[in-house]
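Everything on this sheet refers to the single structure shown next.
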Amino acid sequence: KIVGDKLLDCGVREKVSTPVLLSIMEEGGGGIVGSASGSTIVGCANYAAITGSGVAGIVGSVTGSYVQACYNRGAITGLNAAGIACFTVKDENGFSANLYYCYNTGMIKTTSKNYSPAGVVFMSADTDEISMCYYLEGSADAGITETLGTDKPTMVTAATLQSNSFAALSLSDY
């Protein structure tokens, strides 16, 4: 768990397994960090296979934080599963989670018939900003499975991900 700190240029390449959660809104598990509150996560990548209950490639639960220029290439499997963040939530001051320039190419699968896998975020609060985020066609059922907001990640093909225009996205773009 990180609170009010920055996590820059990190990565995971081994298998990660998180404990079963008691409740859907508990912290969750991620390839980089389990939960982030009032923090900034920039330039991180996950290549590991992750299994658990509420899991994602980068961060399990994001509260009032920024996640920027991160990507997931690992297979994610869980009751609630997403490529970048499983849950995004406003903090007690109303500050929302913000995801920018993130993408997922890993296969996302859920272990429940009641939930669909999400390429970017499983459950998003209505005030979250999710901008310029992408997921590979066929990697998940949707960009966001459950949302109260209007921002939507974009599904892209492998050819688009490999193009020069996609590769030109960088931290200097925002």
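The values are calculated or read from the model by the stated rules, or taken from the named source; none is laboratory data. Quick caveat, the model's predicted, so the values are computed rather than measured. Cβ coordinates were reconstructed from backbone atoms using ideal geometry, including for glycine residues, and neighbour counts include every protein chain displayed. Ligands, DNA and RNA are stripped out before the accessible areas are found, and what is left, the full protein with its side chains, is counted by its heavy atoms. Shrake-Rupley method; radii C 1.70, N 1.55, O 1.52, S 1.80 Å.
Total residues in segment 68-79 satisfying the condition of being open to solvent by 10 Å² or more (accessible area, probe 1.4 Å) and either closer than 22 Å to residue 38 by Cα or part of a strand (DSSP E or B) (or both): the figure is 5.
Residue 81 falls short on exactly one of the conditions (1) modelled with pLDDT of 90 or more; (2) more than 23 Å from residue 49 (Cα to Cα), and that condition is (2).
Once segment 99-117 is narrowed to residues that are closer than 14 Å to residue 77 by Cβ and among the aliphatic types (A, V, I, L, M), the residue that is surrounded by the fewest Cβ atoms within 10 Å (Cβ to Cβ) is 107. Residues considered: 83, 43. Of these, the only one that is in contact with a helix residue (DSSP H, G or I) (Cβ under 8 Å, 6 or more places away or on another chain) and of a type outside the set (Ser, Thr, Tyr) is 43.
Return the only residue of 65, 37 being open to solvent by 10 Å² or more (accessible area, probe 1.4 Å) and more than 9 Å from the chain's Cα centre (by Cα). Matching residue, one of 65, 37: 37. Screening segment 44-62 for residues that are of a type in the set (S, T, N, Q) and farther than 18 Å from residue 95 by Cα and picking the one that is surrounded by the fewest Cβ atoms within 10 Å (Cβ to Cβ) gives 51.
Candidates are the residues of segment 80-101 that are touching a Leu at 6+ places or on another chain (Cβ under 8 Å) and assigned to a strand (DSSP E or B); the one that is nearest to residue 31 (Cα to Cα) is 85.
Residues of segment 102-140 that are more than 19 Å from residue 60 (Cβ to Cβ), part of a loop (DSSP other than H, G, I, E, B) and modelled with pLDDT of 90 or more: 105, 137, 138.
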